[in-house]
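A.B. asks: Got a structure here, written out as structure tokens. Questions coming.
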Amino acid sequence: MRDYVSWHDAYDDPGSALSWRLSRVRHHITATLNGRPGEPITAVSLCAGDGRDLIGVLSARPDADRVEGVLVKLSPELAARARAAAGERGLRIRVLTADAGAAATYAGLVPADLVLMVGVFGNITDGDLEELIRAAPAFCRSGATLVWSRGRDDDIRDLNDAVRGWFAEAGFSELAYETMEDGEKAALGVVRYDGGPVPMDFARRLFSFVR
Ligand SMILES: C[S@@+](CC[C@H](N)C(=O)[O-])C[C@H]1O[C@@H](n2cnc3c(N)ncnc32)[C@H](O)[C@@H]1O
């Protein structure tokens, strides 16, 4: 697997695809919170890295207290960074050092109002990707917003039309699909879950990273 601690260094370059993606993800998290003023919101982020998307947004909001978030990540170093950043700002964010690919990890955490699947879809097999999207309703309360990303780099096929179709089949409406045409061809989507409650099968494996 990649060294995901140094992978985060690309965020230091404001022109990088990662920086573009971060700014768009933050924009959509902000839009979600603004669209539900005053409501308590639960958030769960799969493979959250150092959590700078959610932490960055909440740090700048006077109403951050109404958001309760859980960041799921494997790396203890990134988890420590996220804990420190969230703790300094007094955010209601819990950092769980756990396997985001095991459904059992989400017991008590789902369904949520905001689900982040950012930096996941390009790192798992096509089969796991389709299965994860079919399982996505179990992560979501009705009306939840889910933000996903998948680049269209040369080393992975552009599957994003299929991804968008799988979300539609699973009961999601697309709110946005955005692409960065330069550089690494980053892309992200935002969907809303319009279906009813679907129980999570906590015994199952959802995905494994292959790079
Ligand atoms: C591509 S990065 C994305 C990080 C973050 N979402 C972002 O956009 O900055 C993927 C992250 O997932 C973590 N990861 C890989 N497999 C994981 C697993 N099974 N459970 C939890 N985290 C995992 C990696 O350590 C890495 O931090």
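The values are calculated or read from the model by the stated rules, or taken from the named source; none is laboratory data. Since this is a predicted model, take the numbers as computed values, not measurements. Counting neighbours? That spans all protein chains shown, and the Cβs are built from the backbone with ideal geometry, glycine included. These area figures cover heavy atoms from the full protein model, side chains too; ligands, DNA and RNA do not enter into them. Shrake-Rupley method; radii C 1.70, N 1.55, O 1.52, S 1.80 Å.
A.B. asks: If the requirement is being away from the ligand (no atom under 14 Å from the Cβ), among the hydrophobic types (A, V, I, L, M, F, W, C) and touching a helix residue (DSSP H, G or I) at 6+ places or on another chain (Cβ under 9 Å), which of these qualifies: ALA98, ALA86, ALA82?
C.D. replies: Just a single option satisfies the conditions, and that option is ALA86.
A.B. asks: Quick check, is GLU169 open to solvent by 70 Å² or more (accessible area, probe 1.4 Å) and under 17 Å from the mean Cα position of the chain (by Cα)?
C.D. replies: no
A.B. asks: Which of the residues belonging to region 1-39 are open to solvent by 20 Å² or more (accessible area, probe 1.4 Å), modelled with pLDDT of 95 or more and β-branched (Val, Ile, Thr)?
C.D. replies: THR30
A.B. asks: In this structure, does LEU22 turn out to be assigned to a strand (DSSP E or B) and under 22 Å from LEU132 (Cβ atoms)?
C.D. replies: no
A.B. asks: Among all residue pairs at least 6 apart or on different chains, which show Cβ distances below 6 Å where the first residue, located in region 149-166, is open to solvent by 30 Å² or more (accessible area, probe 1.4 Å) and more than 16 Å from the ligand (Cβ to nearest atom) and the second is part of a loop (DSSP other than H, G, I, E, B) and of a type outside the set (S, T, N, Q)?
C.D. replies: Listed by first residue and then by second, the contacts come to ASP158/ARG152.
A.B. asks: Among what's in region 106-150 and is in contact with a strand residue (DSSP E or B) (Cβ under 7 Å, 6 or more places away or on another chain) and among the polar types (S, T, N, Q), pick the residue that is nearest to ARG36 (Cα to Cα).
C.D. replies: My answer is THR145.
A.B. asks: Consider GLU181 against the criteria (1) part of a loop (DSSP other than H, G, I, E, B); (2) within 16 Å of the ligand (Cβ to nearest atom): it satisfies all of them except one. Which criterion is unmet?
C.D. replies: (2)
A.B. asks: Report, by residue number, each residue of region 18-38 that is of a type in the set (A, V, I, L, M, F, W, C) and more than 11 Å from the ligand (Cβ to nearest atom).
C.D. replies: Answer for region 18-38, where residues must be of a type in the set (A, V, I, L, M, F, W, C) and more than 11 Å from the ligand (Cβ to nearest atom): TRP20, ILE29, ALA31, LEU33.
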